[in-house]
Amino acid sequence: TTPLPARSNVWEIDQLTNALEDARVSLKHSLDQLKLEKAWIENLLNAVVEGLLAIDEKMRITYASEAIERIVEIKRANILGRSLDEVFLTPAGEDLFSHQLPGGTQSRRITAAVGEREKLLAVSISRLIPPEAGNATRVLVMRDVTDEERIHRLIGEFLANITHEFRTPLTALSASVELLLDQLPSLSTLEVEGLLHAINIGIIDLQ
């Protein structure tokens, strides 16, 4: 960051000084560019909804993006260096978090305890290893799908209720129509009116 003196009484030293100054300016420019690129990549990683978590061979966390903070509700400074299974606790009776990690390009949903709550995390492996990850061997991409799973379950229950609510009146309507088709010639006007009235009520209920 400090410019070299431009002039001396010796021509050779001036030439050497100029060459070193040119190299210094070029190196400073390269370092400034690298800092900008690093900041851009860091901001990009932190802006992604999915959290990035780097681990080494001993399953220790070497890097965590801001999204991981939101998932585990712990500051990154308190995550780094800790064991993956220490940070991501699994419910009683289930395998350790590290034993449930997916392989290759697969994705897997793993339940982890966060405070007093349980979260369902979609976990996959990434080939991108951030420079800050140190001696990391794997990077995990995590997404909190707890609410998404809850919505899917509610939709399933809703559709099941609709199916049940429609099946019963439709069965009654079908029986009334079959009776009309099979025995219409032998039914009295009052009986036909009664069946048609029942069909009409059933349709109104469905509407």
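The values are calculated or read from the model by the stated rules, or taken from the named source; none is laboratory data. Note that this is a predicted model, so its numbers are computed, not measured. Here Cβ is always computed from backbone atoms with ideal geometry, including for glycine, and neighbour counts include all displayed protein chains. Ligands, DNA and RNA are stripped out before the accessible areas are found, and what is left, the full protein with its side chains, is counted by its heavy atoms. Shrake-Rupley method; radii C 1.70, N 1.55, O 1.52, S 1.80 Å.
Please report the carbon-and-sulfur percent of the accessible area for region 156-207; probe 1.4 Å, protein heavy atoms only, DNA, RNA and ligands left out.
Values: 2600 of 4070 Å².
Solvent-exposed carbon and sulfur of region 156-207 make up 64 percent of the total.
Using a simple spin-label model with points 7 Å from Cα along the Cα→Cβ vector, what separation in nm is obtained for residue 66 and residue 165?
With each label point 7 Å from Cα toward Cβ, the separation is 4.3 nm.
What distance in nm separates the simple spin-label points at residue 206 and residue 183, each placed 7 Å from Cα in the Cβ direction?
So the two model labels end up 2.2 nm from each other.
If you scale each eigenvalue of the Cα gyration tensor by 5 and take the root, what three semi-axes come out for the chain, rounded to whole angstrom and sorted largest first?
72, 23, 13
For Cα pairs less than 8 Å apart in space and 6+ apart in sequence, what is the mean separation divided by the residue count of region 87-207, i.e. the relative contact order in percent?
Numbers: 113 pairs, mean separation 17.6, N = 121.
This gives 15 percent for region 87-207.
Report the residue, chosen from 170, 89, 181, that carries the largest GNM mean-square fluctuation when the chain is represented by alpha-carbon nodes joined by springs under 10 Å.
Most flexible of the set in this elastic network: 181.
Accessible area per residue for the chain in Å², computed with a 1.4 Å probe and the full protein assembly in place, what is it?
Each residue of the chain exposes 68 Å² on average to a 1.4 Å probe.
Obtain the nm distance between the two label points defined at residue 152 and residue 125 by a simple spin-label model: each point lies 7 Å from its Cα along the Cα-to-C-beta direction.
The two pseudo-label positions are separated by 2.2 nm.
Between 198, 161, 18, whose Cα lies farthest towards the positive end of the dipole of the chain when Lys and Arg beta carbons carry +1 and Asp and Glu beta carbons carry -1, centred on the Cα centre?
It is 18, whose Cα lies furthest towards the positive end.
Take the Cβ-Cβ distance between residue 105 and residue 28 as r, set R0 to 45 Å, and report the resulting FRET efficiency rounded to the nearest 0.05. Provide the component values of the computation, followed by the final result.
Values: r = 41 Å, r/R0 = 0.92.
That pair, residue 105 with residue 28, gives E of 0.60.
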